[in-house]
1. Where does the charge balance sit around B:Ile266 when Lys and Arg score +1, Asp and Glu -1, over other residues with C-beta under 11 Å from its C-beta?
2. May I ask you to sort B:Ser199, B:Ser352 by Cβ crowding, counting other Cβ atoms within 10 Å and putting the fewest first?
3. Among B:Asn381, B:Gln329, B:Val307, flag the residue with its Cα farthest along the positive direction of the charge dipole of the range B:305-382, charges on Cβ as +1 for Lys/Arg and -1 for Asp/Glu.
4. Filter chain B for me: DSSP H helices, axial length by Cα at least 20 angstrom, mean Kyte-Doolittle hydropathy not below -0.5. List them by residue number.
5. Note down the nm distance, to one decimal, between modelled labels 7 Å out along Cα→Cβ at B:Lys267 and at B:Lys26.
6. How much of the pair distance distribution for chain A lies past 36 Å, counting alpha-carbon pairs only, in percent?
7. Taking every pair of alpha-carbon atoms in the protein assembly as shown, what share in percent sits in each 10 Å bin, from 0 to the bin with the longest distance?
8. What does the charge count around A:Pro300 come to, taking other residues whose C-beta lies under 14 Å from its C-beta (Lys +1, Arg +1, Asp -1, Glu -1)?
Number of protein chains: 2
Amino acid sequence: MEKIAYFNNAATTFPKPEEVYSFVDKYYREFGFNSGRGQIDSPSKLTKDTRNLLLELFHCPAKKVVFTPSATEAINIILQGLPITDNFNIYISPFEHNAVTRVLNFLQGLYKLNIFTLAVNNKSLTYDLEKIKYQFSENKPNIVVVSHASNVCGAIAPIKEVCTMSYQYGAINIIDMCQTAGLIDTDLSSDIYDFVVFSGHKSLYATFGIAGFICSGDIIPRPLIYGGNGFDSANPNMPETIPERFEAGSQNIMAIAGLYAALKWIKKTGINNIYAKEKENLTKLISVLKEFNNIRIIIPSCETDTVGVVSSVFDGFSSDNIGQILSNQGVEVRTGLHCAPIAHKFLGTFPSGTVRFSVGYFNTDDDFIKLKHALNYIYENS
Amino acid sequence: MEKIAYFNNAATTFPKPEEVYSFVDKYYREFGFNSGRGQIDSPSKLTKDTRNLLLELFHCPAKKVVFTPSATEAINIILQGLPITDNFNIYISPFEHNAVTRVLNFLQGLYKLNIFTLAVNNKSLTYDLEKIKYQFSENKPNIVVVSHASNVCGAIAPIKEVCTMSYQYGAINIIDMCQTAGLIDTDLSSDIYDFVVFSGHKSLYATFGIAGFICSGDIIPRPLIYGGNGFDSANPNMPETIPERFEAGSQNIMAIAGLYAALKWIKKTGINNIYAKEKENLTKLISVLKEFNNIRIIIPSCETDTVGVVSSVFDGFSSDNIGQILSNQGVEVRTGLHCAPIAHKFLGTFPSGTVRFSVGYFNTDDDFIKLKHALNYIYENS
């Protein structure tokens, strides 16, 4: 198959570092056993080492790592498991994904919740910290959910500033780092971060099947999934201990091997070098897109930092139509609402959605040349 | 590393067919994209083809396949999602795993449930169909949960007979095929099977990270996990359609590739040939164990068929102690309660548990020789 110019790294990074593919294959062939369900300790050790590498990456050795099969499940465990009551004030960013909004919609059927949107300027895409301070003072936050970077427009949220303010009201702060873990060097050691969700297969460059959250263990949600842990089996309840309370069923050792190799690769390459490379590729991407007058790109003003995600609207074309034409030209993007309808409402691109281009560490100059050719093709033939 | 004699196939089969390792590696390198989150249709096609291979394996082309990351999660989705009310009569086999009993324990905190154990003779390990018929007539079943084969003693349940009886009362029947899917040729086309759970990494010889359930779609549980599906994104609720209702978050394409390759391997090898080979290995295993007078093995009487799982008690040793000694001799088993405390209470081996030996398709004569040497070593040194 001809090599694809892959601009869908926000959905899943592709390709992975060679080390990830080869270690997954090698490890699973040699040690594809069930962690904690036998005598061989290699899978248990690998799991522990991987948790430690994550804590090292996030500069928070005293915190705990809970593994889940997906970030969606991690968010469900947290939001469905918190002791929510009627009249809770829940703040979310205007960029939240259906993994947050659909859970909140379900919870609204159970409780009378007040859901507020954090103040963000919809032109500059900058968080308005003064307004947010005022919002919190008017309606004290009980829970705050913020995507560290939007999967639609790439804008990075000032999580430290927002969480510092909400923490003063005793709010539970939940940060979604699906687009930034392993990419933006972030110190999670502070108590202001109650739950931080990560996804292995996105910015961490690991495979599908491994995600989770980092927490201090001070707030313990009820479990969402009940089942065996491979120990304490006589207990009819899930254990109280973290991570075991949230890790029912067999661990996905194959995916943990991928995350282990990816974390080693990030450490070796340097997280800041990875981000610098992604920014370099983002600059190339924007430069190509700007050559076409009929493409409107949605990017934050220069004071807001971003990850390598750009949404765009092609005058005279539906986003799905553009996606299909680009695909026929060997260029892979994602079109539509990107599972984040509220972000599009905020950006004014609902319900038609956008054509999203997202770069990663491994994009090459060839990819940009191919993209330019494909865009030329669209405008020459329209 | 010296090759391990692996007798822990009930925890996860090992090794996998060569086709599984190589296809996972090749496919993920080439097409490791996000199914339904881009233009390239290969991952979506692979997912669809894998569902169809499962329906073919179970002779039920008209049913539906829902993928979940683990069988534990599949059971949670079903049991937590059913419209349970106070005074429901729930029957379970005496062999159920914590993936069932811990969920029921949680549900007992929400509802007044009557939980009954299906009548099984605790010597012959045979289901007593006459007694079960009487049990159902005395307390009409609302839900029946049966493990097709016990993960502790290998006994196969007469699911057709039990479900036919309970179906007459309108019960919802849930079958756990974690130890039998891909091993025991089973026709699931009948309406008597409402939900049938499978695990990829066990008897299906696929990898970790893929499991699920097969259902007709007539009974639709509420979702347990809320999030994006990659389509219908503007809907604040999970879709009503199956499987999408239960498949929030990215599909694990790497694991689906493994299941696809495993299903192809099962089809090529022949499910009955795989079972015959496992039975042959079971006979070899029992023959080795029987040479040692001090090992008490727990096997059903000859009228009950089994899978390749044997629990045993070593006179004068704790099960954990034996597990450790065997491990030092290069023999991998599982010891303790195997996440199924009620099975051990039923078998009289609670709370100390058993030493469980479980064979698979790939055990070799060398494994049995190594096992015999290790057992000799234990008795020569005790």
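1. Taking every other residue near B:Ile266 into account, the sum is 0.
2. Going from least to most buried by this count: B:Ser352, B:Ser199.
3. B:Val307
4. Length and hydropathy pass: B:253-269, B:271-290.
5. Reported label-point gap for B:Lys267 and B:Lys26 is 1.6 nm.
6. 24 percent
7. Per 10 Å bin, starting at zero, the Cα-Cα P(r) for the protein assembly as shown comes out as 3, 14, 24, 25, 18, 10, 4, 1, 0 percent.
8. -1
Rule-based calculations on the coordinates, nothing more; no lab input. Keep in mind that this is a model prediction, so the values were computed, not measured. No Cβ is skipped: glycine too gets one built from the backbone with ideal geometry, and neighbour counts run over all protein chains shown.
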